[in-house]
Amino acid sequence: MKLGTVQIQHFRNLKNVDISPSPTLNFIIGQNGSGKSSFLEALHYLGFGRSFRTSKHKNVIQYEQQRFSLFTLSNIASGTLKLGMSRGADDSLLVSVNGNKSTRMSELVSHIPIQIFTPQSSDLILGSPSLRRKFLDWGLFHVEHSFIASSQNYQKLVKNKNALLRRNRSTDDKSFSNQMAFWDKQIAIEGESLTLYRKNYLNSIEGHLNSNLLHFLPEFSIEISYHRGWEKDTDLYDSIIKKSDKDIKNGFLSVGPHKADLKLRTNGVDVAETLSRGQLRMLVAALQLAQIQYLKERTDKSCVFLLDDIGAELDETKRELFVDQLVDIDSQLFITAIEKSQLPFIEKYKNKKMFHVEHGQMREEN
């Protein structure tokens, strides 16, 4: 998947952007506040349906406008794909795929594997377990179609179980106990399946990750493991039963893959306590790169990769290495920087374009 044309209207300070990016390398140069990160934020919407900077869609709509819109004419193996979306201040959503309208964001994002690397990317390691679960699930979403149904079904089951738990009924109530038993059995079956998907996926990308770490962090030996969200040496159903009194009291299911986490250690110590901020960012780079390498290997799909503020906490050698690796697996890159001096190595690349952003206007440089 390559973005052949990108059109953006009324997104933050980007009133009307219409560009034809390179299928390989695109450098976005501009001062802070010029709109270069907003451009990446708009592209992020095409792959995730949301911003990486705010949780409220209305915050990205240009002042005094009612909605923003995005459109891309994308190049795929079988030809071209017309993709578009718009969001209103009232939170309304309209998605278009080759002219077919929908209000389901999944209809759009399944077509465009997009990843982003920002100065805050170390939050994947330092932040909550939900970020690491999303990391795994992004990869599965794009390589295992059956995973989507499994994940959605599990979420619905947990939602129904939690609604029942919040009734705070006594286990002496036969109807309540029967309903609990029904949901517990269904959750255990789907939860075990979801866990197997994640474990197999982690095993599949681990070889790529170890290879990347030899380049990015050769001075460390990193161990990665998946913690499934319930205690060892027991199946999920038994663990749910064991925690039932606690869960009734608290009103939510406390065990299962919705509580899972990735653990990363070096010499038995959590990497967050050992690695510097810059080293943590390189670890995240190695993880994301492993995902894209496996995506290419399994599906032959290329990824649109967004690098925001590439100069932040990455030395020149690591910047160049990261870009080289992404180019080698046929990614389409959009890289922002304040000035060209942060990218002294770009002259070696042939198929590239340079865009200058100022006051919300984008123009291609010769």
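Here the label points at residue 351 and residue 200, each 7 Å from Cα along the C-beta direction, are separated by 3.3 nm in the simple model.
Students often check this: by mean Cβ neighbours within 10 Å, which of 252-265, 30-43 ranks highest, and how do the rest follow?
On the way: 252-265: 18.9, 30-43: 20.5.
Descending mean neighbour count gives 30-43, 252-265.
Compute the helix-to-body angle for 316-328: its Cα long axis versus the longest principal axis of the chain, expressed 0 to 90° and rounded to tens. Roughly 80 degrees between the two axes.
Can you tell me the order of 95-107, 177-189 when each peptide is scored by its average per-residue count of other Cβ atoms within 10 angstrom, highest first? Write down the numbers at each step before the final one.
Details: 95-107: 12.9, 177-189: 16.4.
Put in order of decreasing packing, that is 177-189, 95-107.
For segment 120-301, what percent of Cα pairs sit more than 30 Å apart? Percent of Cα pairs beyond 30 Å in segment 120-301: 29. Entry note, the chain: the mean residue ellipticity at 222 nm calculated from DSSP H runs of n ≥ 4, each adding -39500 (n - 2.57), is -13500 deg cm²/dmol after division by the residues and rounding to the nearest 500. Cα centroid distance between segment 89-161 and segment 332-360, in Å? Result: 29 Å between the Cα centres.
Fully extending the segment from residue 131 to residue 55, taken as 0.36 nm per residue of separation minus the present Cα-Cα distance, adds 25.9 nm. Would you list which lysines come within 23 Å of residue 156, measuring only between C-alpha atoms, while excluding same-chain residues fewer than 8 positions from it? Partners within reach: 134, 185, 199, 242, 243, 246, 249, 259. Of all lysines in the structure, those lying under 29 Å Cα to Cα from residue 348, and not within fewer than 8 positions of it along the same chain, are 2, 36, 296, 301, 318, 340. Round to the nearest 10 and give me the degree value, 0 to 90, for the angle of helix 129-143's Cα axis relative to the longest principal axis of the chain. Once rounded, one gets 70 degrees. Summing +1 for each Lys or Arg and -1 for each Asp or Glu among the other residues whose beta-carbon sits under 9 angstrom from that of residue 224 gives 0. The order of 274, 336, 24, going from fewest to most other C-beta atoms within 10 Å of their C-beta, is 274, 24, 336. The modelled label-to-label distance for the pair residue 276/residue 146, using points 7 Å beyond Cα in the direction of Cβ, is 4.7 nm.
Straight-distance candidates among the aspartates and glutamates for linking to residue 82, with alpha-carbon spacing under 19 Å and chain neighbours fewer than 8 residues away dropped: 18, 107. In terms of other Cβ atoms within 10 Å, 164, 289, 14 run from fewest to most in the order 164, 14, 289.
Applying 1/(1 + (r/R0)^6) with R0 = 45 Å to the Cβ-Cβ distance of residue 267 and residue 15, what FRET efficiency is obtained, to the nearest 0.05? For R0 = 45 Å, the calculated efficiency reads 0.30. Expressed as an acute angle from 0 to 90° and rounded to the nearest 10, what is the orientation of the C-alpha long axis of helix 277-299 relative to the principal long axis of the chain? Around 90 degrees separate the two axes. What separates the Cα centres of segment 177-207 and segment 47-63 is a distance of 32 Å. Put in line by how crowded their Cβ is, counting other Cβ atoms within 10 Å and starting with the fewest, 67, 198, 277 read 277, 67, 198.
Under the rule a/c < 1.5 gives rounded, and otherwise a/b versus b/c splits prolate from oblate, where does segment 200-240 land using the Cα gyration tensor?
Since a/c reaches 1.5 and a/b is larger than b/c, the shape of segment 200-240 is classed as prolate.
Averaging Cα coordinates gives a centre for segment 268-317 and one for segment 4-25; these two points are 25 Å apart.
Taken together, the values in this text are just the output of simple stated rules run on the coordinates, not laboratory data. All values reported here derive from a predicted model rather than from experimental measurement. Methodologically, a virtual Cβ is constructed for each residue, glycine included, from the backbone with ideal geometry; neighbour enumeration extends over all protein chains shown.
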